[in-house]
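Read the structure below first, then the notes.
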């Protein structure tokens, strides 16, 4: 998808707000539509700039977001490789896709194997890891 399309999609969704603001927007729309007939409902949706384009934008973003774990896994491994390989260490196999890609390990070198997990450490129940 060209960057311009993605930018337009993000802007369309951002107009609805995020977090508590999104919740407030949705509640306001629900309240304003209750008891309304078609014409009034159309005006309400138009005033919030809600139409098929916003739905399409949300679906585009959902498709991209559904792949973000693969991007994080692949890019994360690629970024750390220069830091973890010793001088003259040679990569024998590499599996950049997240999840089961049919390979046993994410990285196999002539000296070791490695598996990668990329999370945002928050402590608490994760502290046993």
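The values are calculated or read from the model by the stated rules, or taken from the named source; none is laboratory data. Just so it is clear, the model here is predicted, and its values are computed rather than measured. All Cβ positions, even for glycine, are placed from backbone atoms using ideal geometry, and neighbour counts span all protein chains on display.
Being without any contact (Cβ under 8 Å) to a residue 12 or more places away in the chain and more than 22 Å from the chain's Cα centre (by Cα) holds for only one residue in 91, 113, and it is 113. Looking only at residues in region 16-28 that are surrounded by 13 or more Cβ atoms within 10 Å (Cβ to Cβ) and modelled with pLDDT under 90, the one that is farthest from residue 55 (Cα to Cα) is 17. Each residue in region 19-64 was checked for being touching a residue at least 12 places away in the same chain (Cβ under 8 Å), out of contact with any helix residue (DSSP H, G or I) (no Cβ under 7 Å at 6 or more places or on another chain) and outside any helix (DSSP H, G or I), and 2 pass. Out of the residues in region 65-81 that are in a helix (DSSP H, G or I) and without any contact (Cβ under 8 Å) to a residue 12 or more places away in the chain, which is nearest to residue 15 (Cα to Cα)? In this case the residue turns out to be 65.
Check whether at least one residue in region 82-94 is outside the structural domain of residue 118 (by TED's automatic domain parsing), at pLDDT 90 or above, on the phi < 0 side of the Ramachandran plot and surrounded by 12 or more Cβ atoms within 10 Å (Cβ to Cβ), and report yes or no. No.
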